[in-house]
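Encoded as structure tokens, the structure appears first; notes follow it.
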Amino acid sequence: MEPSRRRAHSRLPQLLDEAARAFAQRGFAAASVREIVGPIGMLPGSLYCHFETKDALLVAVYKEGVERISAAVDVAVAKLAAPWPRLEAACVAHLRSLLDQTDYSQVVIRVRPSDAPAVERELVALRDRYEARWATLVAALPLERGVSRSDLRLFLMGALNWSQTWYRDGGASTPDRIARRFVGLMRASVADKTKEHA
């Protein structure tokens, strides 16, 4: 690789970090290329050495955010076998990732795929791949007859994701406690008591 190409490539992590910061703070539409590249000493046109468009940069940032949350959830459930403890561990990992207030996690939560129509399908696909984990976790639960697993998954994801709007760091409710309460409420309401073992 030519020295100039190596230098350009080495700026990619910084570029992603600055883009994540700008998108998290200002939203995708309001964040300018100039404010993304300025802090790392790049000219606005230099962005296009890495990405064809600002939309493509958003996809890369969103992908990094989703992968970080996905990895946390995968590690949390890896050593557990029983379905309810697996769901609880996944919820704890998901909430820890969202409420850590990193720029990447905020982009995943706050930037809607519809905010970037040119790459909406790519963003939805990234989101759907992550949410497939949750469909698998919910599918394994012993539930009362007639409970919609799809509705339950959507209800849980909505509650978890909405918590970032009211959560206060340093308060009595930690991410772990919130996640466990959510799962406890669900389990008390919809679990098939005849199959409760764990």
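The values are calculated or read from the model by the stated rules, or taken from the named source; none is laboratory data. Worth saying up front: this structure is predicted, and the values here are computed from it rather than measured. Here Cβ is always computed from backbone atoms with ideal geometry, including for glycine, and neighbour counts include all displayed protein chains.
Does Arg177 qualify as being over 30 Å from Glu18 (Cβ atoms) and surrounded by fewer than 17 Cβ atoms within 10 Å (Cβ to Cβ)? First the steps, then the outcome.
Working: over 30 Å from Glu18 (Cβ atoms): yes; surrounded by fewer than 17 Cβ atoms within 10 Å (Cβ to Cβ): yes.
In short, yes.
How about region 101-117: which of its residues are among the polar types (S, T, N, Q) and either on the phi < 0 side of the Ramachandran plot or at pLDDT 90 or above (or both)? Full working, then the answer.
Within region 101-117, the first condition is being among the polar types (S, T, N, Q), and the residues that meet it are 101-102, 105-106, 114.
The answer is Thr102, Ser105, Gln106, Ser114.
Assuming Val108 fulfils every condition listed in (1) under 30 Å from Ser32 (Cβ atoms); (2) exposed (fewer than 15 other Cβ atoms within 10 Å of the Cβ) apart from one, which condition is it?
(2)
The rows are residues; the columns are (1) surrounded by 14 or more Cβ atoms within 10 Å (Cβ to Cβ); (2) in contact with a helix residue (DSSP H, G or I) (Cβ under 7 Å, 6 or more places away or on another chain); (3) touching a residue at least 40 places away in the same chain (Cβ under 8 Å).
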{"position": "Arg21", "(1), (2), (3)": "yes, yes, yes"}
{"position": "Ala24", "(1), (2), (3)": "yes, yes, yes"}
{"position": "Phe28", "(1), (2), (3)": "yes, yes, yes"}
{"position": "Ile36", "(1), (2), (3)": "yes, yes, no"}
{"position": "Met42", "(1), (2), (3)": "yes, no, no"}
{"position": "Val61", "(1), (2), (3)": "yes, yes, yes"}
{"position": "Arg68", "(1), (2), (3)": "yes, yes, no"}
{"position": "Leu87", "(1), (2), (3)": "yes, yes, yes"}
{"position": "Ala90", "(1), (2), (3)": "yes, yes, yes"}
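I'd like to verify a number: residues in region 162-180 that are in a helix (DSSP H, G or I) and farther than 18 Å from Ala82 by Cα, how many? Steps first, please.
Just the residues of region 162-180 that are in a helix (DSSP H, G or I), to begin with: 162-166, 175-180.
From the residues that got through so far, the ones that are farther than 18 Å from Ala82 by Cα too are 162-166, 175-178.
Total meeting the criteria: 9.
Count, please, the residues in region 82-120 that happen to be of a type outside the set (Ser, Thr, Tyr) and in a loop (DSSP other than H, G, I, E, B).
Filtering region 82-120 down to residues of a type outside the set (Ser, Thr, Tyr) leaves 82-96, 98-101, 103, 106-113, 115-120.
Checking the rest, the ones that are also in a loop (DSSP other than H, G, I, E, B) come to 82, 100-101, 111-112, 116.
The total comes to 6.
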